[in-house]
1. Rounded, prolate or oblate, given the Cα gyration tensor of region 15-60, with a/c below 1.5 counting as rounded?
2. Sorted by average packing, counted as other Cβ atoms within 10 angstrom per residue and highest first, what order do 85-97, 37-49 take?
3. For the peptides 4-15, 60-71, what is the packing order when you average, over each peptide's residues, the other Cβ atoms within 10 Å and list the highest mean first?
4. Any chance you could check the Cα centroid distance between region 1-40 and region 82-106 for me, in angstrom?
5. Solvent-accessible area per residue for the chain at a 1.4 Å probe radius, Å²?
6. In deg cm²/dmol, rounded to 500, what helix-only [θ] at 222 nm does the chain give when every DSSP H run of at least 4 residues adds -39500 (n - 2.57) and the total is split over its residues?
7. For the chain, what is the relative contact order in percent, using Cα pairs closer than 8 Å and at least 6 residues apart in sequence?
8. Carbon and sulfur atoms: what percent of the 1.4 Å accessible area of the chain do they account for?
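The values are calculated or read from the model by the stated rules, or taken from the named source; none is laboratory data. Bear in mind the structure is a predicted one, so any value in this text is a computation, not a measurement. Here the Cβ positions follow ideal geometry from the backbone for every residue, glycine too, while neighbour counts run over all protein chains shown. The accessibility values were calculated without ligands, DNA or RNA, using every heavy atom of the protein model including side chains. Shrake-Rupley method; radii C 1.70, N 1.55, O 1.52, S 1.80 Å.
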Amino acid sequence: MSTLAHTIILEHGRFTSDGSTSILEAALAQGVAVPFSCQRGECGSCRAQVAGGAYARIAPPTERTYVTAADELLMCQCRATGDLALRFAHWQAPAQPARHYPVTVLSRVPLTADVTQLIVAPHDAAGTFTWQAGQHVRFLMEDGGERPFSIAS
């Protein structure tokens with residue numbers, strides 16, 4: 001028996017989802033560039049305008065949930081229940097695909113309950129890493145886990 005796949009169409013590409021995970025998780029698993037940050041539904045970074053299609057919320061909103069417009073969804077809080085077309089009025093895809101930079105964590109300091117300072121050093125000095133404050137990176141851990149971080153400075 002085959003698994004039903006829903007197609008999610010973006011202005012800069014497409015990916016599929018079987019509806020068992022969030023739309024955001026499906027995009028990231030397939031290496032598709034999409035905006036995101038907290039992955040808890042609180043920041044609104046992954047909000048997308050729904051141009052058409054079917055989706056369902058994974059969990060009911062809480063008092064901390066980012067409030068979307070009537071024609072928007074949070075990709076981290078919804079799953080596809082059919083084919084879906086999404087647009088991002090506040091974001092555009094990067095000009096180049098994501099790159100991998102092996103690094104070593106030099107220090108990890110919890111600054112608050114929600115903020116941790118990481119200082120990392122790249123393994124290869126030739127692989128110059130350029131960034132802008134507010135940009136996000138996704139750390140892939142040795143155990144296979146991953147975690148997004150915002151670059152502050």
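1. rounded
2. In decreasing order of mean packing, 85-97, 37-49 become 37-49, 85-97.
3. Most protected by this proxy first, the peptides run 4-15, 60-71.
4. Spelled out, the Cα-based centre of one part sits 12 Å from the other.
5. Each residue of the chain exposes 66 Å² on average to a 1.4 Å probe.
6. -1000 deg cm²/dmol
7. In percent, rounded to a whole number, it is 20.
8. 52 percent
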